[in-house]
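As structure tokens, the structure follows; a few thoughts come after it.
The values are calculated or read from the model by the stated rules, or taken from the named source; none is laboratory data. Predicted, not measured: the structure shown is a model, and the values here were computed from it. Cβ placement follows ideal geometry from the backbone for every residue including glycine, while neighbour counts extend to all protein chains displayed.
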Amino acid sequence: MNQLAQINRILLFFLLIIVFLYWGAPFLIPFLFGILFAFLMVPLCNLLEKIRINRTIASMLSTLVVFIVFGGTLFLFITQINLFVSNMPSADVIESFIISSQNKIETITNLSLDQQYEILRGRSDQIIEKVGSFVSGFFGNLFSTVVSFFLILIYAFLLLLYREKIFDFLMMYISDNQEDSVKETLHKISKVAFHYLWGRAQVMILLGIMYFITFILFGLPYALLFTLFGAVITIIPYFGPLISGLLPILFSFIYFDSLQKILFFSALVMVIQLIESYVLEPLIIGKEVKLNPMVVIVAIVMGGIMWGLAGMILFVPIFAMIKIISLNHSGLKPIGFLLGQSEKEKFEK
């Protein structure tokens, strides 16, 4: 009976967390982004304070760096989208492309034009609905992110400014015999958050460079737009890299005349994705912030259901922090072991 009551309490606890996350999304999303940006800027803020710059000014300068980098990237991305929309091909060009594509498909698959038409007629409504839903959802979240950006910057500035006071506040609830352990845990969380964000930024930059060089060499139009989109969307593990490579490959069918060129371009894009997933991420981000692949998928799906695009980005580092907390708490180590990728984490002290 006691065991059943304990299970009920645990289930109720998780239910309350889910309700809190769902209904608290308008506050939690910008606040958590602010926390992540503050983690990212703490080393710079500490460096500025070491050279005798006032903490308020150091916090403002660190926040300004975030504004310039992320705001500039967002502005450039929106500018490229406007350029793309203004240069959309005419109806005649689109019709010509469709006919050309059908002829290519007929050559490769031996499906006649009538057979292709029957297949498309049966699937067209579903395809249009899914594409429309994805596009509207993506740009809706993008607009929401733009609106919330300044609020995120305010949170990041205040968290940097009052970081020591927040730390002292947390330590007031910790007993003396647990103080060292809690300090170590908080240090690891800060380290993991910084390594995840800075490592992810480095991977995105290197991936963007490889994409841009490839797109320019092959003469793909709107190379900068596809590069920005491809680099930014990879912040979502697994799904992001797939989408980032799929979009330019689809557009290569529109703009490239040679099937051989399309296949070579597609193969090179897939090689770049393999380099990003199996070389850059392990070397730059490292195993310390790695989660079990199953847990990453669960985090992305849960985040997408509850918070949309923002949740798909935020839930992965949140789960990584939960892993660190669990591994440094004796009663929660099984959870940390489950979330982690390495078998050795079971024996971490």
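Under the condition of being at pLDDT below 90 and not small (Gly, Ala, Ser), which residue from the range 263-280 is nearest to Ile243 (Cα to Cα)? The residue in question is Gln273.
May I ask you to list the residues in the range 33-57 that are on the phi < 0 side of the Ramachandran plot and free of Cβ contacts under 8 Å to residues at least 60 places away in the same chain?
Within the range 33-57, Leu44, Asn46, Leu47, Leu48, Glu49, Lys50, Ile51, Ile53, Asn54, Ile57 qualify.
For the range 234-276, residues that are in a helix (DSSP H, G or I) and of a type in the set (Asp, Glu) total 1. Among the conditions (1) assigned to a helix (DSSP H, G or I); (2) under 30 Å from Thr79 (Cβ atoms); (3) β-branched (Val, Ile, Thr); (4) within 15 Å of the chain's Cα centre (by Cα), Val296 misses just one, which is (2).
Filter the range 162-190 down to residues that are assigned to a helix (DSSP H, G or I), free of Cβ contacts under 8 Å to residues at least 40 places away in the same chain and not aromatic (Phe, Trp, Tyr), then give me how many there are.
15
The condition (being among the hydrophobic types (A, V, I, L, M, F, W, C) and surrounded by fewer than 16 Cβ atoms within 10 Å (Cβ to Cβ)) is satisfied by just one residue among Ile275, Ile322: Ile275. Screening the candidates Leu61, Leu11 for the property of being closer than 24 Å to Ile305 by Cβ and assigned to a helix (DSSP H, G or I) yields one hit, Leu11.
Among all residues of the range 194-203, there is at least one that is of a type outside the set (A, V, I, L, M, F, W, C) and surrounded by fewer than 17 Cβ atoms within 10 Å (Cβ to Cβ). One residue is enough: does the range 214-229 have a residue meeting the conditions surrounded by fewer than 18 Cβ atoms within 10 Å (Cβ to Cβ), small (Gly, Ala, Ser) and more than 27 Å from Gly336 (Cα to Cα)? Yes, the conditions are met somewhere in the range 214-229. Pro237 meets the conditions (1) free of Cβ contacts under 8 Å to residues at least 40 places away in the same chain; (2) under 18 Å from the mean Cα position of the chain (by Cα) in every case but one. The failed one is (1). The condition of being among the aliphatic types (A, V, I, L, M) and surrounded by fewer than 17 Cβ atoms within 10 Å (Cβ to Cβ) holds for only one of Ile236, Ile209, that being Ile209. Output yes when any residue across the range 42-63 is over 18 Å from the mean Cα position of the chain (by Cα), surrounded by fewer than 11 Cβ atoms within 10 Å (Cβ to Cβ), at pLDDT below 90 and closer than 20 Å to Leu158 by Cα, and no when none is. Scanning the range 42-63, I find at least one residue that is over 18 Å from the mean Cα position of the chain (by Cα), surrounded by fewer than 11 Cβ atoms within 10 Å (Cβ to Cβ), at pLDDT below 90 and closer than 20 Å to Leu158 by Cα, so the answer is yes. For beta carbons closer than 8 Å, sequence separation of 6+ or different chains, a first residue in the range 310-326 that is of a type in the set (D, E, K, R) and a second that is not in a helix (DSSP H, G or I), the qualifying pairs are Lys323/Leu291; Lys323/Gly340.
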